[in-house]
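Trainee: Can you keep this structure in mind? I'll have questions shortly.
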Amino acid sequence: MIATASQAERCHEEPAAPVERRATPHAIIATVNRPIGDTGVHAHTRQLRDGLAKASVNCTVVDPFMGTRLWLPIFAIRRLFLHRLNKSWSTRWYRYWHRRALTANLLHQLKITTPGAIVAQCPLSAQAALDVRAKLSLHIPVAMVCHFNHSEAQEYRDQGQLASESAYQSILKFEKQILESVDQVIYVSDWARKSVEQSRDIHPRSSTVIWNGIAAASPASITLDQLGLASTDLLLINVGTLEPRKNQLGLLDFFQHIANRLPNAKLILIGEGPDRPRIQQKIEALNLTGRVVLLGSRRDVPALLSLADAYVHYANLENCPITLLEAARASLPIAAIPTGGTPEILARCAGLSININDIPGSAQSLVDALNNPTVRAAMQQKSREAFHDHFTSETMTAAYLRALG
């Protein structure tokens, strides 16, 4: 059974309810992604898989890379040749062959066992699930998680991967078809549902909102000395790929106002990406050398967050960013630009909204909060409560089981 409209509105507001094994005895997560990766979709797949397992629900992740190696040479053609010749061709090649491989692997898996539901992580994986369901004449619900902000086509275009207008329009049309064909569309923020359905005039059969959730942090430790930092430093931290959308270049301007007010403030940037050279140049231009620390990609983000005094998020557009949930888990005061789905997290964490039209004023508000022990403690408590009430893996899993019924 698929969630009703009233159930959909409640999915992210109700506390986690006990789950029953009979609700979904077996589930399949279908994805075109590689098994291991650092994207938000990778994190979501892992958290949902592990959450279902803890709820005594068997879960199998099916991707294009499992089983036979016959597909690997086809995938390699894109990396070795097509991506250098024409990025639009490369994107179309990727979409076509990854969908073909996923369809074959799903077909094999569904001949072995019939799941209670299939959760697809994108339109391509949803189409593969729908095709296999029809081929085998099965009656199982197919839900699609909508991770994109507005459309995958637009994201490809923004990344320079889709210059062809005809290909762009074709993917937009395909997305609309899939979103209106699956039994359930699951968005990871209220903003995303409005952005997709209202602005694009898309009408799914049923839709709901379930925020991302993450597990409790694994025990890990790192010292300030290991990072070349002092106990007297006031540490602001930011996690994300160094790219225009994450806007670390803008964050440097914001941090300069904080650095001028707090001599002991330092900014830690975690991540790698194409903007790193420009970030390094700007650090020097703003005389922030020694005040901004570039740590690159790290596997110990939870431990690093535990050392910080506040989390600052400066992305131009986000849906339901995992990094903010990690910051809330670490009980950090949060300041962020209120774009996309970010305000939904800020509201529950009592975080500070950064007004990009008043950078000095927003910087002063954060400085005042960090300098006031009472305010700072209250923000820490709200972040901690928001994580436990709304953003745990258990809460997300329970909402999925209710939605899939």
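The values are calculated or read from the model by the stated rules, or taken from the named source; none is laboratory data. Values in this document were obtained by computation on a predicted structure and should not be read as measured data. Note: ideal-geometry Cβ built from the backbone for every residue, glycine included; neighbour counts use all protein chains shown. Keep in mind that these areas ignore ligands, DNA and RNA; they rest on the heavy atoms of the full protein, side chains included. Shrake-Rupley method; radii C 1.70, N 1.55, O 1.52, S 1.80 Å.
Trainee: For the chain, what is the accessible area per residue in Å² when the probe is 1.4 Å?
Mentor: Per-residue value: 45 Å².
Trainee: Sort the following peptides by mean Cβ neighbour count (other Cβ atoms within 10 Å, averaged over residues), highest first: 48-61, 176-189, 354-367.
Mentor: Ranked by mean Cβ neighbours within 10 Å, highest first: 176-189, 48-61, 354-367.
Trainee: Let me ask something additional. Quick check: residue separation of residue 347 and residue 69 times 0.36 nm, minus the Cα distance between them. What number comes out in nm?
Mentor: Computed gain between residue 347 and residue 69 is 95.4 nm.
Trainee: Show me the ranking of peptides 134-141, 287-294 by mean Cβ neighbours inside 10 Å, starting with the highest.
Mentor: Listed from highest to lowest mean packing, they are 287-294, 134-141.
Trainee: Now for a separate question. Can you give me the relative contact order of the chain as a percent, contacts being Cα pairs under 8 Å and 6 or more apart?
Mentor: 19 percent
Trainee: Which FRET efficiency value, to the nearest 0.05, is calculated for residue 111 and residue 215 with the Förster distance at 41 angstrom and r the Cβ-Cβ distance?
Mentor: The calculated FRET efficiency here is 0.80.
Trainee: If you line up the long axis of helix 165-179 against the longest principal axis of the chain, both from Cα atoms, how many degrees apart are they, to the nearest 10?
Mentor: 70 degrees
Trainee: Ordered by residue, what ³J(HN,Hα) values in Hz, to whole numbers, does the stretch 367-377 give under the Karplus form 6.51 cos²θ - 1.76 cosθ + 1.60, where θ = phi - 60° and Gly and Pro are x?
Mentor: Calculated HN-Hα couplings, in order: 4, 4, 5, 6, 7, 9, x, 5, 5, 5, 5 Hz.
Trainee: If you work out Rg and Dmax of the Cα atoms in Å from the coordinates, which of (i) 22.0, 67; (ii) 26.3, 87; (iii) 22.7, 75 do you get?
Mentor: Matching entry in (i) 22.0, 67; (ii) 26.3, 87; (iii) 22.7, 75: (i).
Trainee: In sequence order, what are the phi-derived ³J(HN,Hα) couplings for the stretch 122-138 according to the Karplus relation 6.51 cos²θ - 1.76 cosθ + 1.60 with θ = phi - 60°, rounded to whole Hz, with x for glycine and proline?
Mentor: Going residue by residue, I get 5, x, 4, 5, 5, 4, 4, 5, 5, 5, 5, 4, 5, 4, 9, 6, 9 Hz, with x marking Gly and Pro.
Trainee: Mind telling me which of 327, 377, 386 comes out most flexible in a GNM of the chain, alpha-carbon contacts under 10 Å?
Mentor: Top of the fluctuation ranking is 377.
Trainee: Still on this model: Which of 54/176; 54/246; 87/246; 246/266; 54/135; 87/173 have a Cα-Cα distance over 26 Å?
Mentor: Result: 54/176; 54/246; 54/135 exceed 26 Å.
Trainee: State the extension gain, in nm to one decimal, for the chain segment bounded by residue 165 and residue 36, taking 0.36 nm per residue of separation less the distance between their alpha-carbons.
Mentor: 43.3 nm
Trainee: Of the heavy-atom accessible surface of the chain (probe 1.4 angstrom), what whole percent is carbon and sulfur?
Mentor: That share works out to 52 percent.
Trainee: Explain nothing, just compute: Karplus ³J(HN,Hα) = 6.51 cos²θ - 1.76 cosθ + 1.60, θ = phi - 60°, for every residue of the stretch 110-115 in order, whole Hz, x for Gly and Pro.
Mentor: 3J(HN,Hα) across the stretch 110-115, in whole Hz: 6, 7, 8, 8, 9, x.
Trainee: Please state the relative contact order of the stretch 311-356 as a whole percent: Cα pairs under 8 Å, 6+ residues apart?
Mentor: Relative contact order of the stretch 311-356: 39 percent.
Trainee: In addition: Pick from 228, 213, 40: which is most flexible by mean-square fluctuation in a GNM of the chain where alpha carbon atoms under 10 Å apart are linked?
Mentor: Of 228, 213, 40, the most mobile in the Gaussian network model is 228.
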